[in-house]
Amino acid sequence: MADEVPRVVATPAAIALIEQLVAEHGPVLFHQSGGCCDGSAPMCFPANEFMVGGSDVKLGTLAGVPFYMSESQFEYWQHTQLIIDCVSGNGGMFSLERPTGLRFLTRSRLFDDAESAWLAAHPAERAES
């Protein structure tokens with residue numbers, strides 16, 4: 001397989017919301033929540049207010065915005081492509097989209113054998129500490 005296989009993609013609706021949030025807040029980033037208060041949800045934060053570290057994995061970018069998750073959570077999700085969408089509702093308590101009446105949502109699909117082989121040859125990046 002010659003083409004890059006993205007680990008994370010976004011629907012047109014999610015991209016529109018990301019672009020709106022960047023226009024309002026400046027640089028942002030995503031971190032896939034691992035549970036706790038907001039369940040397992042994609043959370044959008046101002047880039048200068050959320051610190052990623054060496055135990056985070058960068059899955060890719062959405063509309064130029066980096067998307068991370070913890071290394072331990074990546075172990076569970078590494079065989080799936082994350083598809084970030086948005087739907088009506090309240091976002092995560094600390095996520096920037098909360099006041100918009102929309103919330104980000106993670107959908108997923110399993111990678112096929114060819115995609116899995118490509119990904120095995122191109123490991124995910126660790127975030128810089």
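Show the residue pairs meeting these rules: Cβ distance below 9 Å; 6+ apart or different chains; first residue within segment 3-30 and over 22 Å from V52 (Cα atoms); second residue among the small types (G, A, S) and assigned to a helix (DSSP H, G or I). The qualifying pairs are V5/A114; V5/S116.
When segment 59-86 is filtered for residues that are modelled with pLDDT of 95 or more and either over 29 Å from A114 (Cα atoms) or among the charged types (D, E, K, R) (or both), only D85 remains.
Pull up segment 24-37, narrow it to residues that are loosely packed, with under 14 Cβ neighbours inside 10 Å and modelled with pLDDT under 95, then point me to the one that is nearest to T106 (Cα to Cα). Lay out the reasoning, then the answer.
Looking only at segment 24-37, we keep the residues that are loosely packed, with under 14 Cβ neighbours inside 10 Å, and these are 24, 26-27, 35-37.
Filter once more, keeping what is modelled with pLDDT under 95: 35-37.
Numbers: G35: 13, C36: 16, C37: 16 Å.
Filtering segment 24-37 for residues that are loosely packed, with under 14 Cβ neighbours inside 10 Å and modelled with pLDDT under 95, the one nearest to T106 (Cα to Cα) comes out as G35.
Of the listed requirements (1) closer than 30 Å to D112 by Cα; (2) modelled with pLDDT of 95 or more; (3) in contact with a strand residue (DSSP E or B) (Cβ under 8 Å, 6 or more places away or on another chain), L21 misses just one: (1). Of all the listed residues (A127, A63), the sole one being of a type in the set (G, A, S) and crowded, with 18+ Cβ neighbours inside 10 Å is A127. When segment 1-13 is limited to residues that are more than 11 Å from the chain's Cα centre (by Cα) and of a type outside the set (D, E, K, R), the one that is modelled with the lowest pLDDT turns out to be M1.
Of everything in segment 75-129 that's aliphatic (A, V, I, L, M) and in a strand (DSSP E or B), which residue is farthest from V22 (Cα to Cα)? Spell out the reasoning first.
Step one: list which residues in segment 75-129 are aliphatic (A, V, I, L, M), which gives 82-84, 87, 93, 96, 102, 105, 110, 114, 117, 119-121, 124, 127.
Those left that are additionally in a strand (DSSP E or B): 82-84, 87, 102, 105, 110.
Working: L82: 21, I83: 19, I84: 16, V87: 18, L102: 15, L105: 18, L110: 30 Å.
Residue satisfying both the conditions and the ranking: L110.
Here S72 meets the list (1) hydroxyl-bearing (S, T, Y); (2) part of a strand (DSSP E or B); (3) in contact with a Gly (Cβ under 9 Å, 6 or more places away or on another chain) almost entirely, failing just condition (2). In a residue-by-residue description of segment 98-105, the property of being touching a strand residue (DSSP E or B) at 6+ places or on another chain (Cβ under 6 Å) and under 21 Å from R7 (Cβ atoms) applies to at least one position.
On the given criteria, is S40 touching a residue at least 60 places away in the same chain (Cβ under 8 Å), within 30 Å of D113 (Cα to Cα), small (G, A, S) and surrounded by fewer than 17 Cβ atoms within 10 Å (Cβ to Cβ)? Yes; evaluated as a whole, the condition is true for this residue. L17 meets all of the listed conditions (1) aliphatic (A, V, I, L, M); (2) surrounded by 19 or more Cβ atoms within 10 Å (Cβ to Cβ); (3) within 12 Å of the chain's Cα centre (by Cα) but one, namely (3). Starting from segment 104-122, keep only residues that are among the acidic types (D, E), then list their pairs with residues that are surrounded by 15 or more Cβ atoms within 10 Å (Cβ to Cβ) whose Cβ atoms are within a distance under 8 Å, requiring at least 6 positions of separation or different chains. Between residues of segment 104-122 that are among the acidic types (D, E) and residues that are surrounded by 15 or more Cβ atoms within 10 Å (Cβ to Cβ), the close pairs are E115/V5; E115/Q81.
The values are calculated or read from the model by the stated rules, or taken from the named source; none is laboratory data. Since the structure is predicted, the reported quantities are computational estimates derived from the model, not experimental observations. All Cβ positions, even for glycine, are placed from backbone atoms using ideal geometry, and neighbour counts span all protein chains on display.
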